[in-house]
Structure formats: C-alpha cells, structure tokens
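Chemist: Shown below is the structure under consideration.
The values are calculated or read from the model by the stated rules, or taken from the named source; none is laboratory data. This one's a predicted model, so the numbers in the text were calculated from it and none came from an experiment. Glycine also receives a Cβ, built like all others from the backbone with ideal geometry; neighbour counts cover every protein chain displayed. When the accessible area is computed, the model is the full protein with side chains, heavy atoms only, and any ligands, DNA or RNA have been set aside. Shrake-Rupley method; radii C 1.70, N 1.55, O 1.52, S 1.80 Å.
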Amino acid sequence: MSKSYHIETYGCQMNVADSELVSAMLQKAGYQETGNIEKADAIFVNTCAIREHAEDKVHSRLGFYNKIKEKKPSTIIGVLGCMAQNLKENILESKPYVDIVLGPDSYRKLPEMLNDRTAKSSHIVDTKLSRFEVYDNLFPSRAEGVNAWVSIMRGCDKFCTFCIVPFTRGRERSRSIDSIKNEVLLAVDNGFSEITLLGQNVNSYDYEGKKFHELLKEIAQIKNVKRIRYTSPHPKDMTLDVLSVMSSYDNICNYVHLPLQAGNNNVLRRMNRTYTKEEFIKLSNVIRDKLPGVGISTDIIVGFPGENEKEFYETLDVMNEVVFDSAFTFKYSSRPGTKAAEYDDHVPEKEKQRRLESVIKLQSEHTLIRNKKFINKVELVLVEKESKRSVHQWAGRTDSNKWVIFNKKSEKIGDIVPVYITSAHGITLQGKIQKIQEMELVS
Ligand code: 5AD
Ligand code: SF4
C-alpha cells in the first residue's frame with residue numbers, strides 16, 4: 001500500500017509554491033496526499049519566519065502534531081522552509097519528536113530522506129543554502145483553482161535591516177526563461193487562467209542578462225495565458241521598461257504591489273530600503289501616469305526601532321499622497337540575527353498597536369475612495385470561486401486586483417466576464433454581469 005503525507009503551509013505565496021513542489025516530489029516517490037492528518041504516515045509543515053507571530057502559529061501546530069504522534073508513533077514529522085533554516089537547533093532541542101528539518105534549498109532530498117528515516121531513527125537535518133538551486137524542471141503539483149504560482153527567482157540580496165529572508169532563503173538566483181515558459185505552458189494546458197510570477201524580489205530577475213521586463217514580455221506572448229500577475233517587486237528595481245511592457249499587453253494585470261514600509265527618510269535609511277520618500281511618491285505617480293486605472297497596493301511596517309511620532313506621521317503623509325488601493329500592514333517584529341534586532345531603541349508594543357490602528361483606519365478610507373471610482377463602470381472580472389455569502393454568487397477579481405461579488409448566470413470558474421459595478425463596501429465591490437452589447441469598459 002502506498003504511503004500518505006499531509007502538508008500544511010504558512011506564510012507567503014512563495015511557500016505555497018514550494019509546498020506544491022514538495023508535493024510533486026513526494027508523489028513521484030510514491031506518496032499520496034491525504035487531507036486526513038491523523039491517518040497520514042508523514043506530516044509536513046512549510047514554515048514562515050518573517051514575524052514572531054508566524055513562528056508562534058507553527059510552534060502551536062507542532063504541539064498538535066506531537067499529540068497525533070503520541071497515538072501513532074510511526075508518524076514522521078517534518079519541518080520545512082524558513083523556520084527550519086532559522087531555528088534548527090531550537091527545534092531539535094525543544095521538539096525531539098520532529099524527525100526531519102529541511103531548509104528551502106534542500107527539498108530535493110526529501111524522498112531519499114524519508115527512505116532513510118524508515119531505516120534509521122535519528123533526526124535528519126539539511127539546511128544548507130545553495131547559490132544555484134531554483135528547482136528547475138520539477139513541475140509543481142498544483143492545487144485546483146484559477147491561479148498557478150510560478151517561481152521565477154529565489155532568495156534576496158537586498159538585506160533590509162528588519163528582514164530575515166536573506167538569511168533563510170539565501171542569495172538571489174534566477175531560473176531560465178525556457179524552464180519558466182515550459183512551466184507556464186503546462187499550467188495553461190492544465191486549465192489555469194492566471195499565472196503569477198513569484199520571487200522574493202521578482203523584478204531583480206536576471207538570467208544570463210535577460211531582465212524581468214523581457215521575461216514578462218515572453219510570458220505575455222504565450223497563447224491562452226489569460227492573465228499575468230507578479231509579486232513582489234522592490235520599488236528600487238521598478239523600471240520604465242517593466243511599465244511599458246505592462247501597458248503593451250492586455251493580459252498583464254493592471255496592478256502593482258509597491259512596498260513602501262515607511263514614509264520617513266531617516267527610517268527608510270535605517271531600514272536600508274535604498275529609496276527616499278520623494279522617490280517613492282514620484283515612482284507611484286509615474287506608475288499611475290503610465291498605467292491609467294492601475295491598482296497599487298503596499299506593505300507598511302509601523303514601529304521600526306527608533307521611529308518617533310513625527311516620523312510615523314510621515315508614513316500617513318505618504319499614504320495620503322499615494323492613496324493606495326490596499327495595504328498589508330504590520331507591527332515591526334524583531335527578528336534575531338537581523339541588523340535591526342540589534343538596535344536598542346525599540347518602540348513599545350502599545351505604541352506600535354496605536355500606530356497600526358491609525359494606518360489601518362486611514363487605509364480603509366483610501367480603499368473605499370479608490371473602490372468607489374469603479375461604481376457605474378464595467379470591469380472585466382475573472383470568475384475565481386463561489387462567494388462565501390451565497391451559493392448563487394461568484395467572487396472574482398478585476399485586473400486591478402479588486403474582489404467583486406456578483407450573481408451567477410451561465411459562466412463558469414476561469415471565465416473572464418464583464419461586470420457592471422453597482423456599489424463598494426469595505427474592501428469588495430458588488431456588481432452584475434453585463435451583456436456584451438452594453439459594455440463600456442474602464443480603460
Ligand atoms: N516585522 C514586520 N514586518 C516585516 N516584514 C518583513 N520583515 C518584517 C518584520 N521583521 C514585512 C514587510 C515585507 C512583508 C512581506 O513583510 O513589510 O514587505
Ligand atoms: Fe526582505 Fe527586503 Fe528582501 Fe523583501 S527586499 S525579502 S523585505 S530583505
């Protein structure tokens with residue numbers, strides 16, 4: 001009888017893509033995925049180390065796996081990804097029930113390790129980072145849905161002082177255009193309507209001199225790729241070439257994620273973000289100018305060490321200037337091993353919470369302002385899933401990345417349909433399917 005595995009994923013989309021890779025490798029080695037964690041022969045957790053909160057969730061999950069193992073001692077427990085890289089000693093010492101610890105560049109070894117593990121009984125650990133591993137020519141086993149994540153580069157060389165990623169995922173390296181194209185072709189053949197190109201620093205892609213905009217162009221030209229997104233870019237590497245390719249191809253979504261992090265130049269410098277507030281605002285204006293109707297989202301950290309009240313207000317100033325469509329907002333979380341963790345002027349938790357609340361409040365006003373601009377317009381929406389509110393409604397996204405809820409007619413998941421937007425509440429839009437003749441598309 002074939003063995004079964006269960007895998008859980010925490011953290012970013014990169015981890016979702018990595019779990020799909022791991023699944024493909026396990027299935028090739030004869031393992032079958034199961035949703036029933038208590039029955040699985042092996043349980044894996046793909047982990048995230050970016051904030052303490054993400055780690056806490058995994059620690060508590062591991063406690064639950066241990067309970068399963070107490071009842072069924074043959075269960076193999078594996079910790080994969082960034083926490084494995086970062087906390088291997090801690091995991092091995094405090095959680096002796098963990099059998100396998102594998103960093104993000106060591107997944108190829110998993111099938112062999114599982115074999116070894118059944119033979120021997122000690123822990124198996126591999127957290128060596130590679131300068132080359134990009135998991136080329138390994139096709140991920142994708143979950144169903146409309147979107148296929150395609151990893152185009154791994155690692156990060158930016159070393160923002162708050163961020164653990166350069167330490168857990170190692171140096172930047174890009175995958176060849178040919179191998180990315182093959183994966184996209186396969187995803188399209190398998191019925192995926194949307195392709196999201198992924199990387200920790202997607203726009204610093206460089207394969208033998210081929211840059212990100214050249215890759216983007218080649219992917220856009222592949223037949224039947226209905227929609228292309230990419231995440232996450234770094235503002236410093238955002239070029240006019242990228243914007244020009246985006247405006248030339250209808251299937252590249254009119255959406256840019258542009259992480260601001262903070263609005264004060266002194267804080268930005270201490271974060272090693274390599275741009276100023278003024279440069280960021282200028283860039284967002286250029287993006288809005290070159291890509292009319294574009295959706296711009298951002299990441300914001302409040303309470304970076306040493307950030308005083310006045311400096312924090314400059315984050316709100318930049319938000320008021322740019323009026324982002326949406327934002328992922330975080331309280332600074334000290335990550336041992338990073339440069340910022342050594343700064344001695346940490347902002348008190350209560351203050352961080354207060355700042356976070358003001359950022360969230362301002363952003364919800366801005367999201368509504370941006371969303372209201374869509375009312376009485378027709379948008380092309382990709383039907384992605386049934387709405388949580390009703391079995392009679394779909395949920396889908398505009399190419400500017402806004403969720404729209406609308407009543408079902410005869411369309412199916414994966415179709416792109418014109419939807420007349422009737423209202424905007426919270427972060428979602430409501431609409432109704434438009435007959436083609438009545439279309440007046442938002443440019
Ligand atoms: N604390 C809080 N937020 C962080 N991020 C990265 N590191 C930290 C940290 N130590 C946020 C950044 C990044 C996003 C993926 O996570 O905003 O863009
Ligand atoms: Fe972390 Fe900065 Fe690299 Fe993004 S660019 S992964 S925030 S170090």
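Chemist: How large is ³J(HN,Hα) for each residue in the stretch 10-20, as worked out from phi by the Karplus curve 6.51 cos²θ - 1.76 cosθ + 1.60 (θ = phi - 60°), to whole Hz, x for Gly and Pro?
Modeler: With coefficients 6.51, -1.76 and 1.60, one gets 10, x, 7, 5, 4, 5, 4, 5, 5, 5, 5 Hz.
Chemist: Okay, next question. Mean-square fluctuation check for the chain, GNM, Cα pairs under 10 Å: which of GLU411, GLU55, GLU386 is largest?
Modeler: Checking each option, the largest mean-square fluctuation is seen for GLU411.
Chemist: Provide the per-residue ³J(HN,Hα) series for the stretch 336-344, in order, calculated from phi with Karplus coefficients 6.51, -1.76, 1.60 and θ = phi - 60°, each as a whole number of Hz, with x at glycine and proline positions.
Modeler: Couplings: x, x, 8, 5, 5, 5, 7, 5, 9 Hz.
Chemist: Quick one: compute the contact order of the chain, relative version, from alpha carbon pairs under 8 angstrom and 6+ residues apart, as a percent. Mind dumping the intermediate values first?
Modeler: Values: 857 pairs, mean separation 44.2, N = 443.
With pairs under 8 Å counted, the relative contact order is 10 percent.
Chemist: At a probe size of 1.4 Å, how large is the accessible area of LEU185, to the nearest 10 Å²?
Modeler: Per-residue accessible area (LEU185): approximately 90 Å².
Chemist: Can you tell me the dipole magnitude for the stretch 74-191 around its Cα centre, using point charges on the Cβ only (Lys, Arg +1; Asp, Glu -1), in Debye to the nearest 20? Display every interim value, and only then the final one.
Modeler: On the way: 16 positive and 15 negative charges, 51 e Å.
Taking the Cα centre of the stretch 74-191 as origin, the dipole is about 240 debye.
Chemist: Next question. Near the amide H of THR298, under 5 Å away, which other amide H atoms are found, from residues 5 or more places off or on another chain, if H is placed in the peptide plane?
Modeler: Correct list: LEU258, SER326, ALA327, PHE328.
Chemist: Pairs LYS310/LYS331; LYS290/LYS432; LYS223/LYS388; LYS372/LYS408; LYS388/LYS408: which are spaced more than 21 Å apart, C-alpha to C-alpha? Present the calculation step by step, with values, prior to reporting the outcome.
Modeler: Numbers: LYS310/LYS331 17 Å; LYS290/LYS432 29 Å; LYS223/LYS388 32 Å; LYS372/LYS408 23 Å; LYS388/LYS408 13 Å.
Pairs exceeding 21 Å: LYS290/LYS432; LYS223/LYS388; LYS372/LYS408.
Chemist: Lone cysteines in the chain, defined as no other cysteine's Cβ under 4.7 Å from theirs: which are they?
Modeler: Taking the Cβ cut-off of 4.7 Å, the unpaired cysteines of the chain are CYS12, CYS48, CYS82, CYS156, CYS253.
Chemist: Check SER423: other-chain or 5+ apart residues with amide H under 5 Å from its amide H, H built from backbone geometry?
Modeler: Long-range HN contacts for SER423: GLN430.
Chemist: Once amide H atoms are built 1.01 Å from N in the peptide plane, which residues 5 or more positions from TRP149, or in another chain, come under 5 Å H to H?
Modeler: Distant-sequence amide H within range of TRP149: THR196.
Chemist: For the chain, treating each Cα as an identical point scatterer without solvent, what Debye log10 I(q)/I(0) comes out at q = 0.07 1/Å?
Modeler: Results for the chain at q = 0.07 Å⁻¹ read -0.37.
Chemist: Using Cα positions and a limit of under 18 Å, work out the lysines in reach of LYS39, with same-chain residues fewer than 8 apart set aside.
Modeler: Correct list for LYS39: LYS3, LYS67, LYS69, LYS71, LYS72.
Chemist: Per residue of the stretch 161-172, in order, report the coupling 6.51 cos²θ - 1.76 cosθ + 1.60 (Karplus, θ = phi - 60°) as ³J(HN,Hα) in whole Hz, putting x for Gly and Pro.
Modeler: Those phi angles translate into 5, 8, 9, 8, 3, x, 8, 8, 10, x, 6, 5 Hz.
Chemist: May I ask you to list the aspartates and glutamates whose Cα is less than 13 Å away from that of LYS402, ignoring any residue fewer than eight positions away on the same chain?
Modeler: ASP325, GLU379, GLU384
Chemist: Are there GluC sites (Glu not before Pro) in the stretch 140-209 that DSSP marks as loop and that have at most 10 other Cβ atoms within 10 Å, and which are they?
Modeler: On the way: sites: GLU144, GLU172, GLU183, GLU194, GLU208; in loops: GLU144, GLU172, GLU208.
Within the stretch 140-209, the qualifying GluC sites (Glu not before Pro) (loop, at most 10 other Cβ atoms within 10 Å) are GLU144, GLU208.
Chemist: Using r as the Cβ-Cβ distance of TYR249 and ASN285, and R0 as 22 Å, what FRET efficiency do you calculate, to the nearest 0.05? Can you show the working numbers first?
Modeler: Numbers: r = 22 Å, r/R0 = 1.02.
That gives a FRET efficiency of 0.45.
Chemist: To the nearest 0.05, how large is the calculated FRET efficiency for ASP415 and ASP344 if R₀ is 45 Å and r is the Cβ-Cβ distance? Could you put the intermediate results ahead of the total?
Modeler: Numbers: r = 56 Å, r/R0 = 1.24.
Rounded to the nearest 0.05, the efficiency is 0.20.
Chemist: Under the definition of Cα pairs under 8 Å and six or more residues apart, what whole-number percent is the relative contact order of the stretch 185-291?
Modeler: Numbers: 124 pairs, mean separation 26.4, N = 107.
Relative contact order, the stretch 185-291: 25 percent.
Chemist: Among LYS282, LYS217, LYS331, which one shows the highest mean-square fluctuation when the chain is modelled as a Gaussian network with alpha-carbon springs under 10 Å?
Modeler: In the Gaussian network model the winner is LYS282.
Chemist: Along its three principal axes, how long is the stretch 215-356 when you only count alpha carbons? Whole Å, largest extent first please.
Modeler: 54, 31, 23
Chemist: Would you work out which of GLN393, ILE164, GLY81 lies farthest towards the positive end of the dipole of the chain, given +1 charges on the beta-carbon of Lys and Arg and -1 on that of Asp and Glu, about the Cα centre?
Modeler: GLN393
Chemist: Work out the length of the dipole vector of the chain about its Cα centre, built from +1 on the beta-carbon of each Lys and Arg and -1 on the beta-carbon of each Asp and Glu, and round it to the nearest 20 debye. Don't skip to the end; give the middle numbers.
Modeler: Details: 64 positive and 59 negative charges, 148 e Å.
Using Cβ point charges on Lys, Arg, Asp and Glu, the chain gives about 720 debye.
Chemist: While we're looking at this one, here's another question. Arrange the residues TRP394, TRP149 by how much accessible surface each exposes, largest first, with a 1.4 angstrom probe. If you can, show how the numbers build up before the last one.
Modeler: On the way: TRP394 25, TRP149 55 Å².
Heavy-atom accessible area, descending, gives TRP149, TRP394.
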